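The values are calculated or read from the model by the stated rules, or taken from the named source; none is laboratory data. As the structure is a computational prediction, the values presented were derived from the model and not from experiment. No Cβ is skipped: glycine too gets one built from the backbone with ideal geometry, and neighbour counts run over all protein chains shown. Just the protein is used for accessible areas: all its heavy atoms, side chains included, with ligands, DNA and RNA removed. Shrake-Rupley method; radii C 1.70, N 1.55, O 1.52, S 1.80 Å.
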Amino acid sequence: LADKTYPLTPVIHNEIINKDNISGVGTGARRQLMYKMLHNKGFDRLGYQGFSADAGLFYSVIESKGLYQMSSNGFEFTLPSQDDNDNKALRILFDEVDKLLKNTDNKVGLDEIYAVWQAPPYGVKAGLMPILFLAYYFAKQSQLVFYIEDNFVPELNEVYLDEWNQDHSRIKFKYFDM
């Protein structure tokens with residue numbers, strides 16, 4: 001039944017984060033990974049070498065899905081390509097965000113994006129969404145404008161990431177065609 005209702009759910013093998021209500025350990029690991037995503041862009045494996053809870057999230061959610069790779073510009077966040085059949089569900093999920101952002105002149109709330117991601121045919125778990133969207137944001141950063149309560153945010157920092165995790169209804173994005 002779940003396969004018929006949610007045929008486009010990305011397969012992420014991580015029992016800490018791939019659920020709607022994550023534990024305190026999961027919340028802390030997600031926050032630490034998101035801080036590393038913010039501060040360590042450009043470093044191989046975001047600087048991870050060991051097997052902490054947040055490193056495990058990086059390996060299973062970001063690295064295994066090819067969302068952070070070496071390019072001609074160094075290590076950077078990337079989205080699955082059209083010919084990446086292993087991550088087709090993720091590509092379709094991110095394409096859906098592109099459609100939401102590009103098909104309106106208005107700002108799009110993170111809560112609106114999350115609602116689409118949670119509904120059929122995607123069924124993405126709430127614990128996973130902030131990491132996936134942050135990877136999307138960094139991959140598309142030159143095309144997105146970030147707002148909190150309709151106020152332009154020129155640069156993402158830890159305070160804004162905490163807000164992102166605590167009250168995503170205040171977070172909005174607008175597509176900017178260069």
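Just one of the listed residues (L79, L46, L38, L110) is closer than 15 Å to M129 by Cβ and either in contact with a Leu (Cβ under 9 Å, 6 or more places away or on another chain) or hydrophobic (A, V, I, L, M, F, W, C) (or both), and it is L110.
Residues in the range 13-26 that are under 24 Å from K88 (Cβ atoms) and either open to solvent by less than 40 Å² (accessible area, probe 1.4 Å) or of a type in the set (S, T, Y) (or both): N14, I17.
Selection within the range 99-110: residues that are surrounded by 14 or more Cβ atoms within 10 Å (Cβ to Cβ) and touching a residue at least 24 places away in the same chain (Cβ under 8 Å). The member of this set that is nearest to I22 (Cα to Cα) is L110. Condition test on S142, is it open to solvent by 40 Å² or more (accessible area, probe 1.4 Å) and either within 26 Å of G42 (Cβ to Cβ) or not in a helix (DSSP H, G or I) (or both)? The answer is yes for S142.
So that you can scan it fast, the table gives a plain yes or no per residue for (1) touching a helix residue (DSSP H, G or I) at 6+ places or on another chain (Cβ under 7 Å); (2) surrounded by 13 or more Cβ atoms within 10 Å (Cβ to Cβ); (3) touching a residue at least 40 places away in the same chain (Cβ under 8 Å):
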{"position": "F43", "(1), (2), (3)": "no, yes, no"}
{"position": "L46", "(1), (2), (3)": "yes, yes, no"}
{"position": "G66", "(1), (2), (3)": "yes, yes, no"}
{"position": "D83", "(1), (2), (3)": "no, no, no"}
{"position": "V97", "(1), (2), (3)": "yes, yes, no"}
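Kindly establish whether L101 is in contact with a strand residue (DSSP E or B) (Cβ under 7 Å, 6 or more places away or on another chain), assigned to a loop (DSSP other than H, G, I, E, B) and among the aliphatic types (A, V, I, L, M). Show your work before the answer.
Details: in contact with a strand residue (DSSP E or B) (Cβ under 7 Å, 6 or more places away or on another chain): yes; assigned to a loop (DSSP other than H, G, I, E, B): no; among the aliphatic types (A, V, I, L, M): yes.
It is false that L101 is in contact with a strand residue (DSSP E or B) (Cβ under 7 Å, 6 or more places away or on another chain), assigned to a loop (DSSP other than H, G, I, E, B) and among the aliphatic types (A, V, I, L, M).
Which residue out of Y160, Y122, Y114 is open to solvent by less than 20 Å² (accessible area, probe 1.4 Å), closer than 21 Å to F58 by Cα and not polar (S, T, N, Q)? Walk me through it before giving the result.
Numbers: Y160 fails: open to solvent by less than 20 Å² (accessible area, probe 1.4 Å); Y122 fails: closer than 21 Å to F58 by Cα.
Y114 is the lone residue from the list that is open to solvent by less than 20 Å² (accessible area, probe 1.4 Å), closer than 21 Å to F58 by Cα and not polar (S, T, N, Q).
All conditions but one from (1) touching a Pro at 6+ places or on another chain (Cβ under 7 Å); (2) surrounded by 17 or more Cβ atoms within 10 Å (Cβ to Cβ); (3) more than 21 Å from L161 (Cβ to Cβ) apply to P10; the one that does not is (1).
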